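Take a look at the structure below.
The values are calculated or read from the model by the stated rules, or taken from the named source; none is laboratory data. These figures come from a predicted structure and were not determined experimentally. Glycine gets a Cβ as well: all are built from the backbone with ideal geometry, and neighbour counts include every protein chain shown. Ligands, DNA and RNA are stripped out before the accessible areas are found, and what is left, the full protein with its side chains, is counted by its heavy atoms. Shrake-Rupley method; radii C 1.70, N 1.55, O 1.52, S 1.80 Å.
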There are 2 protein chains.
Amino acid sequence: MITRDDLVALDTEDPLADRRALFVLPDDLIYLDGNSLGAQPASITATADEVLGEWRSDLIGGWTDRGWWEMPSTLGDRIGGLLLGAEAGQVVVTDTVTVNLFKLLSAAVRLRPDRAVILVAESSFPTDRYVVDAVARRTGHEVRVVPRGESVADHLDESVGVAVLEHVDFRTAEIRDLPSTTAEVRSSGALSIWDLSHSAGVMKIELDRSGTDFAVGCTYKFLNGGPGAPAFLYAASQHLATLSNPIPGWLGHADPFAMTGTYAPDPGVRRFLTGTHSVTAMRLVDGALDAFEGVDIVEVRAKSSRLTSTFIDLLDERAAGLGYEVVSPRSAEHRGSQVTLHHVEAPAVFDRLVSAGLRGDLRSPSLLRFGFAPLYNTYVEVWDAVEILRGAASG
Amino acid sequence: MITRDDLVALDTEDPLADRRALFVLPDDLIYLDGNSLGAQPASITATADEVLGEWRSDLIGGWTDRGWWEMPSTLGDRIGGLLLGAEAGQVVVTDTVTVNLFKLLSAAVRLRPDRAVILVAESSFPTDRYVVDAVARRTGHEVRVVPRGESVADHLDESVGVAVLEHVDFRTAEIRDLPSTTAEVRSSGALSIWDLSHSAGVMKIELDRSGTDFAVGCTYKFLNGGPGAPAFLYAASQHLATLSNPIPGWLGHADPFAMTGTYAPDPGVRRFLTGTHSVTAMRLVDGALDAFEGVDIVEVRAKSSRLTSTFIDLLDERAAGLGYEVVSPRSAEHRGSQVTLHHVEAPAVFDRLVSAGLRGDLRSPSLLRFGFAPLYNTYVEVWDAVEILRGAASG
């Protein structure tokens, strides 16, 4: 049987223990919702002051003198290097996940003009499916949905041009293995677009090494960039020269200040920029990334797995018979940094959890999701969360 | 002859004089570039503190408890009411001008399926032309360009489905009359999409009354929302039910948290939302709008016209023969809140202006643009700017 002291000991030995002080969290709250919105970095007020000070003093000059103009690529390269296994020049921070997926998918289908099918996983986040449907309708493609629990490989054939896949299922936290699936997609002659929203920042991701073609992801979950922070996109360098952004904007132009009436794309990944980006929002993301500096992402993943495993083990030991059913994979290897529970009275239980100081989230009618952010969540919080879950089940 | 004392007197009588204190401007700088990036509202630090405080304390709860979720429409309605002559339910703040134009144009051409032409003004901001070209290419439309200086009416016929027009020319500040042009477009059976980036906040705009179909615009120029602040879009209510967003995202879904795999659009203008919006960036725009509360936009336009006219008059009186040529319309009625000058040595002159404390902007090779923001620019600044221009011309 696990004891609370065991978890205190794990916190003491935790190589990431120093990271928690980099975040501000309310007292008396166990926050297990970093998979929805990351907690606030302690330094973010200073970051905001800094960028507002630049606007105040430099005004329009900030675009050239303070690196504002380059920020989509400097910040993209930083995320690529720290968290995505991507060499410079393949990642930009811009727009939202929805818009970025639209741009990449519209561009990608044109690289496979003879293939009539876009593949998408049923388990994908709804927006991804909406975008796939919309692009397919406008381009005359057929959509093929990989049913929940089935493998992508079983649905690939020579008619599939592009496969849109989520790395970690937002509902269950099940991991779809990126390297092997990417290899399967590639060997069928198709291109892959991955949504990394629920994996970036908590797992080792090697986009270059795995031969991933394209990816999108968000910065407001485990990257802690703040509510609605801008998204990133990755396009492998070998594709860049032939990709056409369906929403060409002046920021993606090869020579924006020529102000010509004809579009000529930037030679690199900046061709996927559209309009002027929010400098403030970008700088908050940049500031939030400081918490990842000097951190080995392998340690992050190890702690993530241990946090979620401990949570499941404690539920088994201490909350059996209270109506909680683990929906997420029980094998840590197949589970992202989240545990989803089923409970028939989930909405009422959720309200009691919040009152008792545990914040996860509710996916009505019956799912409770708990995200574990290895940079700031502790092992003792896992214990205390389970105690609250025990109390909440009994009403 | 105008004297500096005359301008001091105008400032004393200025009904908007109290507004300047609502902005922070560097000492020893005359900032005439509010048409590129608005100055910083003095309250913005407090606004930033407030929204960061909400994220810190409420975390994910901010989306429901702090109005974050509704912000695209609450902020859109606020801009619509204060500055666009738009009843509630027709404006959202979201994405960038580029992306919003793409969404509206893609939707609008489907309302005129039998018309093969998209009309666009040659003078439009480059991004607008790129988007028109891109949408036309993907939908099989033909692009018809209205040459600089020609009237839209002369290029309308029954083949034109949609006309994309800029309200104020970013280069010359020439106004294209919105009510009469909209009426001409409409009577030809076409739909109009206006780019209000250079007019919103400095002119009376009556979208509903003029029968405008669609509009886009930006919040970082005369609305002072900060560098790269999110854009707005307007879609007249009579069109809403039949419009299809080409980039359907979960925020535009009729029931986002149902998380269904099939898209069903919000019944209203929120169908044009895509992914999750930056709460921080939106709140800065909201805070910046406070400076417009209690202000009569007719007074703003009157001061704008007088500032630009005074600038031109002073150049005529005091800078004749120094190589400055007024490119903007000399009639205030046809001129937005900006004066553009031609000078053969514009880049060198521009550097000297900056050194002497006057910030406009340079559009190489030969144009200098000066924007006048009636909320914070003064008449005396116009005098002092012309004095600096006199000195800069002589090298």
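Identify the single condition in (1) touching an Asp or Glu at 6+ places or on another chain (Cβ under 6 Å); (2) open to solvent by less than 10 Å² (accessible area, probe 1.4 Å); (3) without any contact (Cβ under 8 Å) to a residue 40 or more places away in the chain that B:T127 does not satisfy, given that it satisfies every other one.
That leaves (1) as the condition not met.
Across the range A:213-244, which residue is nearest to the chain's Cα centre (by Cα) among those that are within 8 Å of chain B (Cβ to nearest Cβ) and open to solvent by less than 10 Å² (accessible area, probe 1.4 Å)?
First, the residues of the range A:213-244 that are within 8 Å of chain B (Cβ to nearest Cβ): A:218, A:220, A:226-231.
Filter again for open to solvent by less than 10 Å² (accessible area, probe 1.4 Å), leaving A:218, A:226-229, A:231.
Working: A:C218: 5, A:G226: 13, A:P227: 13, A:G228: 12, A:A229: 12, A:A231: 9 Å.
Among residues in the range A:213-244 that are within 8 Å of chain B (Cβ to nearest Cβ) and open to solvent by less than 10 Å² (accessible area, probe 1.4 Å), the one nearest to the chain's Cα centre (by Cα) is A:C218.
Does the range B:296-303 contain at least one residue that is more than 10 Å from chain A (Cβ to nearest Cβ), in contact with a Phe, Trp or Tyr (Cβ under 6 Å, 6 or more places away or on another chain), of a type in the set (A, V, I, L, M, F, W, C) and part of a helix (DSSP H, G or I)? Quick ask: steps written out before the conclusion?
Of the residues in the range B:296-303, the ones more than 10 Å from chain A (Cβ to nearest Cβ) are B:296-303.
From the residues that got through so far, the ones that are in contact with a Phe, Trp or Tyr (Cβ under 6 Å, 6 or more places away or on another chain) too are none.
Within the range B:296-303, none of the residues are more than 10 Å from chain A (Cβ to nearest Cβ), in contact with a Phe, Trp or Tyr (Cβ under 6 Å, 6 or more places away or on another chain), of a type in the set (A, V, I, L, M, F, W, C) and part of a helix (DSSP H, G or I).
When the range A:274-296 is examined, which residues are found to be touching a Leu at 6+ places or on another chain (Cβ under 8 Å) and under 25 Å from A:N100 (Cα atoms)?
Applying the first criterion (touching a Leu at 6+ places or on another chain (Cβ under 8 Å)) to the range A:274-296 yields A:274-277, A:280, A:282, A:285-286, A:288-293, A:295.
Those that are touching a Leu at 6+ places or on another chain (Cβ under 8 Å) and under 25 Å from A:N100 (Cα atoms): A:T274, A:G275, A:T276, A:H277, A:T280, A:M282, A:V285, A:D286, A:A288, A:L289, A:D290, A:F292.
Among the candidates A:G336, A:G275, single out the residue that is open to solvent by less than 20 Å² (accessible area, probe 1.4 Å), within 14 Å of chain B (Cβ to nearest Cβ) and out of contact with any Asp or Glu (no Cβ under 6 Å at 6 or more places or on another chain).
Values: A:G336 fails: within 14 Å of chain B (Cβ to nearest Cβ).
When all the criteria are applied, what remains is A:G275.
Kindly provide the set of residues from the range A:30-56 that are at the interface with another protein chain (Cβ under 8 Å from one of its Cβ atoms) and either open to solvent by less than 60 Å² (accessible area, probe 1.4 Å) or touching a Lys or Arg at 6+ places or on another chain (Cβ under 7 Å) (or both), ordered by number. Explain how you work it out, then say what you get.
Applying the first criterion (at the interface with another protein chain (Cβ under 8 Å from one of its Cβ atoms)) to the range A:30-56 yields A:31, A:33, A:36-37, A:39-40, A:44-45, A:48-49, A:52, A:55-56.
A:Y31, A:D33, A:S36, A:L37, A:A39, A:Q40, A:I44, A:T45, A:A48, A:L52, A:W55, listed by residue number.
All but one of (1) within 12 Å of chain A (Cβ to nearest Cβ); (2) in a helix (DSSP H, G or I); (3) under 15 Å from the mean Cα position of the chain (by Cα) hold for B:S124, so report the exception by its number.
Tallying (1) within 12 Å of chain A (Cβ to nearest Cβ); (2) in a helix (DSSP H, G or I); (3) under 15 Å from the mean Cα position of the chain (by Cα), B:S124 fails exactly one: (2).
Considering only the range B:16-25, I want to know if a residue exists there that is open to solvent by 30 Å² or more (accessible area, probe 1.4 Å), within 14 Å of chain A (Cβ to nearest Cβ) and at pLDDT below 95.
There is no residue in the range B:16-25 that is open to solvent by 30 Å² or more (accessible area, probe 1.4 Å), within 14 Å of chain A (Cβ to nearest Cβ) and at pLDDT below 95.
Could you list, in sequence order, all residues of the range B:254-272 that are at the interface with chain A (Cβ under 9 Å from one of its Cβ atoms) and either part of a loop (DSSP other than H, G, I, E, B) or open to solvent by 40 Å² or more (accessible area, probe 1.4 Å) (or both)?
Narrowing the range B:254-272 to residues at the interface with chain A (Cβ under 9 Å from one of its Cβ atoms): B:256-263.
Within the range B:254-272, B:F257, B:A258, B:M259, B:T260, B:G261, B:T262, B:Y263 qualify.
Quick one: which residue in B:E142, B:E206, B:E184 is open to solvent by 20 Å² or more (accessible area, probe 1.4 Å), among the acidic types (D, E) and either closer than 19 Å to B:F102 by Cβ or within 14 Å of another protein chain (Cβ to nearest Cβ) (or both)?
Residue meeting the stated conditions: B:E142.
Among the residues of the range A:157-189, how many are within 21 Å of A:Y130 (Cα to Cα) and among the aliphatic types (A, V, I, L, M)?
7
Across the range A:278-295, what is the total count of residues that are open to solvent by 10 Å² or more (accessible area, probe 1.4 Å) and touching a Lys or Arg at 6+ places or on another chain (Cβ under 9 Å)?
Qualifying residue count for the region: 2.
Can you name the number of the only condition in (1) more than 14 Å from chain A (Cβ to nearest Cβ); (2) surrounded by fewer than 22 Cβ atoms within 10 Å (Cβ to Cβ) that B:A385 fails?
(2)
Of the residues A:L196, A:L178, which is open to solvent by less than 10 Å² (accessible area, probe 1.4 Å) and out of contact with any Ser or Thr (no Cβ under 9 Å at 6 or more places or on another chain)? Steps first, answer last, please.
On the way: A:L178 fails: out of contact with any Ser or Thr (no Cβ under 9 Å at 6 or more places or on another chain).
Just one listed residue meets the conditions, A:L196.
Counting just the residues of the range B:93-115 that are in contact with a Gly (Cβ under 7 Å, 6 or more places away or on another chain) and in a helix (DSSP H, G or I), which one comes out farthest from B:D286 (Cα to Cα)? Break it down into steps so the answer makes sense when it comes.
The first filter runs over the range B:93-115 and keeps only residues in contact with a Gly (Cβ under 7 Å, 6 or more places away or on another chain), leaving B:93, B:96-99, B:109, B:112, B:115.
Narrowing the set further to residues that are in a helix (DSSP H, G or I) leaves B:97-99, B:109.
Numbers: B:V97: 18, B:T98: 21, B:V99: 21, B:V109: 32 Å.
Once the filter is applied, the top-ranked residue is B:V109.
Can you name every residue in the range A:15-41 that is in contact (Cβ under 8 Å) with a residue 40 or more places away in the chain, closer than 17 Å to A:L284 by Cα and assigned to a strand (DSSP E or B)?
A:F23, A:Q40, A:P41
Please determine whether any residue of the range B:198-205 is free of Cβ contacts under 8 Å to residues at least 60 places away in the same chain, out of contact with any Asp or Glu (no Cβ under 9 Å at 6 or more places or on another chain) and not polar (S, T, N, Q). Walk me through it before giving the result.
Residues of the range B:198-205 free of Cβ contacts under 8 Å to residues at least 60 places away in the same chain: none.
No: the range B:198-205 contains no residue that is free of Cβ contacts under 8 Å to residues at least 60 places away in the same chain, out of contact with any Asp or Glu (no Cβ under 9 Å at 6 or more places or on another chain) and not polar (S, T, N, Q).
For B:S305, only one of the following conditions fails: (1) in contact with an Asp or Glu (Cβ under 9 Å, 6 or more places away or on another chain); (2) open to solvent by less than 10 Å² (accessible area, probe 1.4 Å); (3) among the polar types (S, T, N, Q). What is its number?
For B:S305, the exception is condition (2).
List the number of the failed condition for B:R129; all other conditions in (1) more than 12 Å from chain A (Cβ to nearest Cβ); (2) within 17 Å of the chain's Cα centre (by Cα); (3) not hydrophobic (A, V, I, L, M, F, W, C) hold.
With (1) more than 12 Å from chain A (Cβ to nearest Cβ); (2) within 17 Å of the chain's Cα centre (by Cα); (3) not hydrophobic (A, V, I, L, M, F, W, C) applied to B:R129, the lone miss is (1).
Take the range A:308-329 and flag every residue that is of a type in the set (A, V, I, L, M, F, W, C) and touching a residue at least 60 places away in the same chain (Cβ under 8 Å).
A:F311, A:L314, A:L315, A:A319, A:L322, A:V327, listed by residue number.
Taking the range B:227-245 on its own, how many of its residues are farther than 16 Å from B:V92 by Cα and touching a Lys or Arg at 6+ places or on another chain (Cβ under 9 Å)?
Within the range B:227-245, residues that are farther than 16 Å from B:V92 by Cα and touching a Lys or Arg at 6+ places or on another chain (Cβ under 9 Å) number 1.
Kindly check whether there is at least one residue in the range A:281-294 that is under 29 Å from A:V135 (Cα atoms) and either under 14 Å from the mean Cα position of the chain (by Cα) or in contact (Cβ under 8 Å) with a residue 12 or more places away in the chain (or both).
Going through the range A:281-294, the residues under 29 Å from A:V135 (Cα atoms) turn out to be A:281-282.
Right, trim to either under 14 Å from the mean Cα position of the chain (by Cα) or in contact (Cβ under 8 Å) with a residue 12 or more places away in the chain (or both) and you get A:281-282.
The answer is yes, given that some residue of the range A:281-294 is under 29 Å from A:V135 (Cα atoms) and either under 14 Å from the mean Cα position of the chain (by Cα) or in contact (Cβ under 8 Å) with a residue 12 or more places away in the chain (or both).
Return the total of residues in the range B:64-92 being more than 14 Å from chain A (Cβ to nearest Cβ) and assigned to a loop (DSSP other than H, G, I, E, B).
Total meeting the criteria: 6.
So is B:L284 closer than 21 Å to B:L375 by Cβ and more than 14 Å from chain A (Cβ to nearest Cβ) or not? Steps first, answer last, please.
Details: closer than 21 Å to B:L375 by Cβ: yes; more than 14 Å from chain A (Cβ to nearest Cβ): no.
Answer is no for this residue.
Of all residues being of a type outside the set (A, V, I, L, M) and open to solvent by 60 Å² or more (accessible area, probe 1.4 Å) in the range B:310-327, which is farthest from the chain's Cα centre (by Cα)? Just the residue, please.
Narrowing the range B:310-327 to residues of a type outside the set (A, V, I, L, M): B:310-311, B:313, B:316-318, B:321, B:323-325.
Now restrict to residues that are open to solvent by 60 Å² or more (accessible area, probe 1.4 Å): B:313, B:316-318, B:321, B:325.
Working: B:D313: 26, B:D316: 29, B:E317: 31, B:R318: 31, B:G321: 34, B:E325: 25 Å.
The selected residue is B:G321.
Cβ-Cβ below 8 Å, separation at least six or inter-chain, first residue in the range A:354-378 and free of Cβ contacts under 8 Å to residues at least 60 places away in the same chain and more than 10 Å from chain B (Cβ to nearest Cβ), second among the hydrophobic types (A, V, I, L, M, F, W, C) and in a loop (DSSP other than H, G, I, E, B): which pairs?
A:S366/A:V344
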